[in-house]
Amino acid sequence: MFKILYLLIALFLVSCSSQKQESNLLNPTAEPTQEKGDTASVVKTPTVLLLSEEWPKIEDDLDHEWMILALDRQIAKFKRMKSNSRIKLGSIVYSFDVFLTSLEKYRALVANYRLCQITINRLSCKAHFARSVKKYFHMFAPVEKGEIKKAFFTAYHTPQIQASLVKSKTFNVGIHLKPIEDSLRTSTRNQINFEAALEGTSYEAMYMEDQFDQYLLHIQGGGKVLYKDFDGQIKTKYLNYDGTNQQSLRFISKYMKEKGYIKDLSVASQRRFLAANPEKQREIYSYSPSYVYFKFSDEPPHGNDAVSLTDNRSIATDYRIYKLKGLLTYVQTERPIKDAGKVKWIPMNRFMIDHDTGGAIRGPARGDLYFGETKYAAWVATQMKRRGYKYFLALKPEYL
């Protein structure tokens with residue numbers, strides 16, 4: 001009896017939170033028109049609206065605690081933003097405000113689901129959650145040449161790095177702030193690392209031990225440094241992405257394999273060859289002249305929209321295609337685990353927030369999944385190359 005009462009109360013609270021507000025949705029069947037004096041731009045995305053019967057099975061393979069954090073971070077960002085841009089998903093043109101409302105509604109559904117798990121059968125809660133998502137939201141799939149495109153997923157993490165405030169024989173590879181001067185900021189990787197282009201400038205913030213670790217840090221786009229302050233106390237700081245030198249980003253693993261230096265593309269193979277052949281390093285790194293600059297923070301690394309990434313709940317997509325960050329995203333793929341010394345792939349069905357982007361993330365169905373700061377996250381980042389599907393969600397007009 002009490003379980004039923006709790007559920008009724010929870011459902012009533014969610015119902016109250018979803019009372020209709022004035023609709024921000026424009027005509028869903030017509031191309032947007034520009035009114036006199038209306039300078040709002042329409043950002044189009046290569047997506048298509050799914051019919052009800054085309055929806056994937058809705059479930060989430062994790063506890064929702066991290067999702068609540070991801071939602072709260074993005075909701076706070078949206079509340080600080082003002083935009084007259086409109087975003088086209090499928091044939092529907094949404095005003096910017098709709099995406100804040102969508103995240104708030106989804107958060108209410110998650111809160112209800114978590115309360116339900118405490119008071120009622122878990123399987124019933126999962127089924128009710130899936131029905132609720134399908135009731136309130138439209139789902140959109142990426143398309144290419146008019147067809148739904150299967151996604152390709154990789155993964156990234158926040159590496160933890162030993163660093164020093166003082167340059168020494170051991171710590172001699174720079175971690176740099178972004179230069180103001182164009183002539184310095186556009187220096188290539190080799191000009192910085194082998195020709196000392198930034199040596200002695202105020203942009204040398206810290207020093208790490210290894211150039212390959214520096215390269216991997218740049219690929220990840222952020223990290224966490226552990227260092228001793230001048231009093232000998234161990235301190236930590238996050239490195240947040242602060243732009244690049246605008247040079248080409250290419251993976252040195254591809255070059256090394258083409259040259260016959262390594263037989264596979266693994267991080268371990270790259271590291272072994274570079275360590276054993278220091279005379280080849282300049283040649284190899286010249287293949288990827290891109291260089292990443294950082295700023296320091298006490299918050300976890302930010303995505304490209306200045307929102308902290310959330311473990312297991314943030315995804316990076318191609319910013320050239322999905323210019324608005326913060327969209328509610330559903331991912332279906334597989335993730336690796338270690339099973340008796342072997343790699344085993346298990347289903348991964350998860351709601352995430354499109355917080356981030358990356359130079360190597362290209363295409364409408366591309367996704368880079370953020371797994372956090374753990375050892376597992378670091379391992380997954382070396383393993384994850386998997387196909388699957390990704391979808392974007394936004395509230396149906398009748399629930400705005």
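The values are calculated or read from the model by the stated rules, or taken from the named source; none is laboratory data. Since the structure is predicted, the reported quantities are computational estimates derived from the model, not experimental observations. Cβ: placed from backbone, ideal geometry, glycine included. Neighbour counts: every protein chain shown.
Structure notes:
- The set of residues in region 40-62 being over 30 Å from Leu123 (Cα atoms), polar (S, T, N, Q) and either assigned to a loop (DSSP other than H, G, I, E, B) or over 20 Å from the mean Cα position of the chain (by Cα) (or both) consists of Ser41, Thr45.
- Looking only at residues in region 315-327 that are out of contact with any Phe, Trp or Tyr (no Cβ under 6 Å at 6 or more places or on another chain) and of a type in the set (A, V, I, L, M, F, W, C), the one that is modelled with the lowest pLDDT is Leu324.
One line per residue, one yes/no per condition, for (1) over 30 Å from Asp318 (Cα atoms); (2) among the charged types (D, E, K, R):
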position: Arg114; (1), (2): yes, yes
position: His128; (1), (2): yes, no
position: His138; (1), (2): no, no
position: Pro142; (1), (2): no, no
position: Gly174; (1), (2): no, no
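- The listed residues are Ser95, Ser41, Ser102, and the only one of them that is surrounded by fewer than 15 Cβ atoms within 10 Å (Cβ to Cβ), within 23 Å of Pro397 (Cα to Cα) and touching a residue at least 40 places away in the same chain (Cβ under 8 Å) turns out to be Ser41.
- Test: residue in region 257-266 that is touching a residue at least 12 places away in the same chain (Cβ under 8 Å) and closer than 18 Å to Thr154 by Cβ: yes
- Residue check for Ala163: out of contact with any Pro (no Cβ under 9 Å at 6 or more places or on another chain) and either of a type outside the set (Val, Ile, Thr) or free of Cβ contacts under 8 Å to residues at least 12 places away in the same chain (or both): yes
- Residues being under 22 Å from His302 (Cβ atoms), modelled with pLDDT under 95 and charged (D, E, K, R) - total across region 328-378: 3
- Yes/no for Asp242 being at pLDDT below 95 and over 26 Å from the mean Cα position of the chain (by Cα): no
- Checked against the criterion of being over 30 Å from Ser91 (Cβ atoms) and in contact with a Gly (Cβ under 9 Å, 6 or more places away or on another chain), the candidates His157, His138 yield just one match: His157.
- With respect to being more than 23 Å from Gln281 (Cβ to Cβ), touching a Ser or Thr at 6+ places or on another chain (Cβ under 8 Å) and not assigned by TED's automatic domain parsing to the domain that holds Tyr370, Gly243 falls outside the description.
- Residue count for region 235-263, restricted to those that are assigned to a strand (DSSP E or B) and of a type in the set (Lys, Arg): 2
- Only one of Ser95, Ser85, Ser102 that is in contact with a strand residue (DSSP E or B) (Cβ under 7 Å, 6 or more places away or on another chain) and at pLDDT below 90: Ser85
- Failed criterion for Ala76 (all others in (1) hydrophobic (A, V, I, L, M, F, W, C); (2) within 25 Å of Gly367 (Cα to Cα); (3) surrounded by 16 or more Cβ atoms within 10 Å (Cβ to Cβ); (4) modelled with pLDDT of 95 or more hold): (3)
- Residue under evaluation Gln281, criteria (1) more than 24 Å from Ala155 (Cβ to Cβ); (2) assigned to a loop (DSSP other than H, G, I, E, B); (3) of a type in the set (S, T, N, Q), criterion not met: (2)
- Looking at Thr154, Thr201, Thr170, Thr158, just one residue is modelled with pLDDT of 95 or more and either closer than 23 Å to Gly359 by Cβ or in the same structural domain as Thr374 (by TED's automatic domain parsing) (or both), and that residue is Thr154.
- Number of positions in region 310-347 that are out of contact with any helix residue (DSSP H, G or I) (no Cβ under 6 Å at 6 or more places or on another chain), buried (at least 18 other Cβ atoms within 10 Å of the Cβ) and over 22 Å from Phe96 (Cβ atoms): 4
Rundown of residues vs (1) closer than 22 Å to Met384 by Cα; (2) assigned by TED's automatic domain parsing to the domain that holds Trp66; (3) touching a Ser or Thr at 6+ places or on another chain (Cβ under 8 Å), yes/no style:
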{"residue": "Ser288", "(1), (2), (3)": "yes, no, yes"}
{"residue": "His302", "(1), (2), (3)": "yes, no, yes"}
{"residue": "Asp305", "(1), (2), (3)": "no, no, no"}
{"residue": "Arg320", "(1), (2), (3)": "no, yes, no"}
{"residue": "Lys323", "(1), (2), (3)": "no, yes, no"}
{"residue": "Pro336", "(1), (2), (3)": "yes, yes, no"}
{"residue": "Gly341", "(1), (2), (3)": "yes, yes, no"}
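- Residues within region 156-189 that are touching a Lys or Arg at 6+ places or on another chain (Cβ under 9 Å), among the hydrophobic types (A, V, I, L, M, F, W, C) and surrounded by fewer than 20 Cβ atoms within 10 Å (Cβ to Cβ), tallied: 2
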